[in-house]
Amino acid sequence: MTARPLLLALCAGLGLGAAASAVDAAGVVPAEFHGVWVPAKASCDSPLRVVVASDRLTLRNGHDSEPFTGIEMAGSGYFPPNYNGIMAVLITESNGDQPVTATFNLREKRGVAQVEFAPVLPGKGNAQQAKYNAHMSKLDLARRFPLHQAALKRCATT
């Protein structure tokens, strides 16, 4: 093998290693977003909250809670081309129905977040839509956790 093909093979191998590392880290929420998030106008002891950890997002309202795993931080393709802001997006059950999406640094404001709940889709649809709608109806997130599109603030950790 001449030097040029060897160099190309080596670069390709390094690129695959870097891609594998990026995929391994894809399910990890950056530490700056970990913690307890409550409605912006509530105190930090509010029973209504979102708890973010490195591998999950949990909705809580008093004794009711719903944890979500399958976390994926959205890539640059989530935003318009040439986006250079500070917003970050977390998607739950990324290989499934994606019932909760959280946006951090909402509208380019540090420390502000928002969660959005996937809706039940109208109409009869096909079997896949029926399964999705059954899942969203069973979760009933908007009723159990009235946080859909509400501004959230991060509470200091103790």
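Condition check ((1) within 18 Å of the chain's Cα centre (by Cα); (2) assigned to a helix (DSSP H, G or I); (3) touching a residue at least 60 places away in the same chain (Cβ under 8 Å); (4) surrounded by 14 or more Cβ atoms within 10 Å (Cβ to Cβ)) across all residues:
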position: P81; (1), (2), (3), (4): no, no, no, no
position: L90; (1), (2), (3), (4): yes, no, yes, yes
position: Q98; (1), (2), (3), (4): yes, no, no, yes
position: Y132; (1), (2), (3), (4): no, yes, no, yes
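Taking the conditions exactly as written (in contact (Cβ under 8 Å) with a residue 40 or more places away in the chain and in contact with a Gly (Cβ under 6 Å, 6 or more places away or on another chain)), does R144 satisfy them or not? Working first, answer last.
Details: in contact (Cβ under 8 Å) with a residue 40 or more places away in the chain: yes; in contact with a Gly (Cβ under 6 Å, 6 or more places away or on another chain): no.
It is false that R144 is in contact (Cβ under 8 Å) with a residue 40 or more places away in the chain and in contact with a Gly (Cβ under 6 Å, 6 or more places away or on another chain).
For the stretch 59-79, give me the residue count where each residue is within 13 Å of the chain's Cα centre (by Cα) and either under 22 Å from S137 (Cα atoms) or part of a loop (DSSP other than H, G, I, E, B) (or both). Don't jump to the end; show me each part of the working.
Keep residues of the stretch 59-79 that are within 13 Å of the chain's Cα centre (by Cα), which gives 59, 67-75, 78.
From what's left, either under 22 Å from S137 (Cα atoms) or part of a loop (DSSP other than H, G, I, E, B) (or both): 59, 67-71, 74-75.
Residues meeting the conditions: 8.
Here is a yes/no grid of residues against (1) among the small types (G, A, S); (2) farther than 20 Å from P99 by Cβ; (3) loosely packed, with under 15 Cβ neighbours inside 10 Å:
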| residue | (1), (2), (3) |
| --- | --- |
| S43 | yes, yes, yes |
| N61 | no, no, no |
| P67 | no, no, yes |
| E72 | no, no, no |
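For the stretch 28-73, name all the residues that are charged (D, E, K, R) and under 15 Å from T92 (Cα atoms).
The first filter runs over the stretch 28-73 and keeps only residues charged (D, E, K, R), leaving 32, 41, 45, 49, 55-56, 60, 64, 66, 72.
Listed by number, the residues that qualify are D55, R56, E66, E72.
Within the stretch 101-130, track down each residue that is among the β-branched types (V, I, T) and either in a loop (DSSP other than H, G, I, E, B) or under 16 Å from C155 (Cβ atoms) (or both). Can you show your working first?
Initial filter on the stretch 101-130 (among the β-branched types (V, I, T)): 101, 103, 112, 115, 120.
Across the stretch 101-130, the qualifying residues are V112, V115, V120.
Considering only residues that are under 11 Å from the mean Cα position of the chain (by Cα) and without any contact (Cβ under 8 Å) to a residue 60 or more places away in the chain, look in the stretch 104-116 and name the one that is surrounded by the most Cβ atoms within 10 Å (Cβ to Cβ).
Only one residue fits best here, namely Q114.
Take D64 and decide whether it is over 20 Å from V28 (Cα atoms) and among the charged types (D, E, K, R).
Working: over 20 Å from V28 (Cα atoms): yes; among the charged types (D, E, K, R): yes.
Yes; evaluated as a whole, the condition is true for this residue.
Quick note: the coordinates plus some simple rules give every number you see, no bench work behind them. Only a predicted model underlies this, so the values are computations on that prediction, with no experimental measurement involved. Here the Cβ is made from the backbone with ideal geometry for all residues, glycine too, and neighbour counts use every protein chain on show.
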